[in-house]
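Colleague: Before anything else, here's the structure in question.
The values are calculated or read from the model by the stated rules, or taken from the named source; none is laboratory data. Just so we're clear, the structure is a prediction, and the values are computed from it rather than from any experiment. Positions of Cβ are backbone-derived with ideal geometry, glycine not excepted, and every protein chain shown enters the neighbour counts. The area values use the complete protein model at the heavy-atom level, side chains included, leaving out ligands, DNA and RNA. Shrake-Rupley method; radii C 1.70, N 1.55, O 1.52, S 1.80 Å.
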Amino acid sequence: MTLSDVISTYWLYFLIGRFPQGPLGGLALTLVLATLGLMLALPVGLLLGLARVSPWRALRWPITALIFVVRGTPLLMVVFWAYFFLPGVTGIQTGQFPTMLMALVLFDSCYLAEIVRAGILGLPRGQGESARSLGLSWLATMRLVILPQALRHMLPSLVNQFISTIKETSLGYIIGLGEVSFVATQINTQVFIYPTAIYLILGLTYFVLCFSLSRFAFWLERRSTRQSARNASALVTT
Amino acid sequence: MIRFDNVNKWYGQYHALVNVSETIAKGEVVVVCGPSGSGKSTLIRTINRLEPIDSGRILFENEDIHRRGLDINLFRSHIGFVFQQFNLFPHLTALQNCTIAPMHLKRVGKKEAHERALALLDRVGLAHKAHALPSELSGGQQQRVAIARALTMQPPVMLFDEPTSALDPEMVGEVLHVMKSLARDGMTMVVVTHEMGFAREVTDRVLFMDQGEILERGTPDAFFGRPEHPRARQFLSDIRISAVAA
């Protein structure tokens, strides 16, 4: 069996798993998991980050504790707990995909929360003070004054975290979730003689995903800078 | 209108405000001066509760403003505050800086908020810069927009915390000009500043602070002409020397 035979036999399996006969898997599942993970972790992380800097102790302390616990734990442990320990307590067996998604969202939102907190605290104190002096509430100050500025500064760190999320989906392997790493391992077990090539292709796949995301973010950043420069020059000339 | 009743404040071991008692009447323009670290900024910041106090009371129209349960946001909208560092919102235009509070708090329509904001910008001589971002304005222009912004909620009192200290010398005049016109219109004002010209021209009273205490209070003529406290005399000769050197 040559390498091109392996590719022509398994490429579809690599991309979508056993779909449509079986569950969706492979690269498609990785993409779905990463996208959902990002889309859920961002708003949750934003809320946790706001709670971290909020003036209300009853909110700040438990959230701070949660973030400290999660940050002090490997994601692998979170996945294990969610998959093996949680069903024992709740009596409900959750599937591999929801388990992995929950673990990712919990883990990443805690890291995102710290990025949000740093972005907020990085602004001059006077911004918040002048907004509060006008009579704006704490929440209105955050929404109208602080976050619009902080989010722009946070963009590079956010992208960093998003790239991490994509790579973290590979831990789904450990609980038998059929994402792309799991599928690649399956192929390797069946073919047996091309481990280097198979894992090289797997590595390249992750690289292309992460690299495209970082290029997209770079383009986004440049576009927003150009736009504000254009707005500025339009103002000067009129 | 504003009354301090034996107010004390500590930063840890440091006694920042020492038994401050003072009354500021409606329509009065009061300048607070003193060496740096004397507590004058702390004092003015306690009036809209940017700084908490440890004992005593501060009354605003007979309401204890440091009591628990006060609607702090409503109260603050009745007090205009102008900062040394301007603190304009850099992501918003001059006009948007002036409409953000009325639109959000008074729930007035966009059109009405715009018209009022434009009128205020016109009052500080910057209607033509309404659509400029703060980064496109000079320091003096930014501070004038900040004054307009502080006026948007139509407060009966304006507080100024060293409004000209961060400005290049040639821009000080335009800001003082706006403040003088406010004073002439009868606005109640408390101003922390070293601008003696301003103090002489429009101020009803001068308070001199050092080490957290109000050591001297009087009319500008009395204070600048015949300061009684030795530290006040020292302070006045120090700022005169620096004014000559500049």
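Colleague: How big is the Cα convex hull of the range A:61-109 in projection, averaged over all directions, in nm²? Could you put the intermediate results ahead of the total?
Modeller: Values: hull surface 13.8 nm².
So the Cα hull casts an average projection of 3.5 nm².
Colleague: Quick one: what are the phi-derived ³J(HN,Hα) couplings along the range A:137-146, Karplus 6.51/-1.76/1.60 with θ = phi - 60°, whole Hz, x for glycine and proline?
Modeller: These are the phi-based 3J(HN,Hα) values: 6, 4, 5, 5, 4, 4, 5, 8, 10, 7 Hz.
Colleague: With a 1.4 Å probe and all protein chains kept in place, how do B:D204, B:D210 rank by accessible area, largest first?
Modeller: Details: B:D204 70, B:D210 20 Å².
Of B:D204, B:D210, the descending order of accessible area is B:D204, B:D210.
Colleague: I need the trypsin sites (Lys or Arg not before Pro) found in the range A:172-226, filtered to DSSP loop residues with at most 14 other beta carbons within 10 Å of theirs. Before the final figure, lay out each step's value.
Modeller: Details: sites: A:R215, A:R222, A:R223, A:R226; in loops: none.
In loop regions of the range A:172-226 (DSSP not H, G, I, E or B), there are no sparsely surrounded trypsin sites (Lys or Arg not before Pro).
Colleague: If you don't mind, another one. Which of the residue pairs B:K26/B:K110; B:K40/B:K180; B:K40/B:K110; B:K40/B:K129 have a Cα-Cα distance greater than 26 Å in the structure shown? Don't skip to the end; give the middle numbers.
Modeller: Values: B:K26/B:K110 32 Å; B:K40/B:K180 21 Å; B:K40/B:K110 38 Å; B:K40/B:K129 33 Å.
Result: B:K26/B:K110; B:K40/B:K110; B:K40/B:K129 exceed 26 Å.
Colleague: Next question, about the same structure. What longest range of chain B stays clear of loop-exposed GluC sites (Glu not before Pro) (DSSP non-H/G/I/E/B, at most 14 other C-beta within 10 angstrom)?
Modeller: Numbers: sites that count: B:E61, B:E228.
Here the longest segment lacking exposed loop sites spans B:62-227.
Colleague: Sticking with this structure for a sec: Calculate the length of the line joining the C-alpha centroid of the range B:127-192 to that of the range A:119-147, in whole Å.
Modeller: The distance from the Cα centre of the range B:127-192 to that of the range A:119-147 comes to 20 Å.
Colleague: Another question, if that's okay. Please give the FRET efficiency for A:D5 paired with B:S135, using the beta carbon to beta carbon distance and R0 = 45 Å, rounded to the nearest 0.05.
Modeller: With R0 = 45 Å, the Cβ-Cβ based efficiency is 0.15.
Colleague: Which value in deg cm²/dmol, rounded to the nearest 500, describes the helix-derived mean residue ellipticity at 222 nm for chain A, given -39,500 (n - 2.57) per DSSP H run of n ≥ 4 and division by the residue count? Walk me through the numbers before you get to the answer.
Modeller: Numbers: 11 runs with 184 residues, N = 238.
Computed ellipticity for chain A at 222 nm equals -26000 deg cm²/dmol.
Colleague: May I ask you to compute the full-extension gain from A:E221 to A:N160, defined as 0.36 nm times their residue separation minus their alpha-carbon distance, rounded to one decimal in nm?
Modeller: Numbers: separation 61, 0.36 × 61 = 21.96 nm, distance 1.37 nm.
Value of the extension gain: 20.6 nm.
Colleague: Helix-derived [θ] at 222 nm for chain B: sum -39500 (n - 2.57) over DSSP H runs of at least 4, divide by residue count, nearest 500? Please report the intermediate quantities before stating the final value.
Modeller: Values: 9 runs with 93 residues, N = 246.
The helix-only estimate for chain B comes to -11000 deg cm²/dmol at 222 nm.
Colleague: If A:D5, B:D54 are ordered by their accessible area, calculated over protein heavy atoms with a 1.4 Å probe, which sequence runs from highest to lowest? Before the final figure, lay out the partial values.
Modeller: Working: A:D5 65, B:D54 90 Å².
Solvent-accessible surface, decreasing: B:D54, A:D5.
Colleague: If you rank A:Y206, A:Y194 by how much accessible surface each has, with a 1.4 Å probe, what is the order from largest down? Could the numbers behind the result be given before it?
Modeller: Working: A:Y206 30, A:Y194 60 Å².
The residues order as A:Y194, A:Y206, largest area first.
Colleague: Can you return the aspartates and glutamates within cross-link range of A:K167? Criterion is Cα-Cα under 16 Å, with same-chain partners fewer than 8 residues away left out.
Modeller: Partners found: A:D108, A:E179.
Colleague: Sorted from largest down, give the three principal axis spans of the alpha carbons of chain B, whole angstrom values.
Modeller: Rounded to whole Å, the extents work out to 54, 48, 33 Å.
Colleague: Run the quick spin-label model on A:A197 and A:A58: label points 7 Å from Cα toward the beta carbon, then report their separation in nm to one decimal.
Modeller: With each label placed 7 Å out from Cα toward Cβ, I get 6.4 nm.
Colleague: Give me the tail of P(r) for the range A:3-237 as a percent: Cα-Cα pairs with distance above 23 Å. Don't skip to the end; give the middle numbers.
Modeller: Numbers: 16406 of 27495 pairs.
Distances greater than 23 Å cover 60 percent of the Cα pairs.
Colleague: Can you give me the % of accessible surface on the protein assembly as shown that is carbon or sulfur? Probe 1.4 Å, all protein chains present, nothing else counted. Mind dumping the intermediate values first?
Modeller: Numbers: 14270 of 23670 Å².
Looking at the protein assembly as shown in its full context, I get 60 percent from C and S.
Colleague: Calculate the radius of gyration of the Cα atoms of the protein assembly as shown to one decimal place, then report Dmax, the largest Cα-Cα distance, as a whole number, both in Å.
Modeller: Every Cα atom of the protein assembly as shown included, Rg and Dmax give 30.5, 105 Å.
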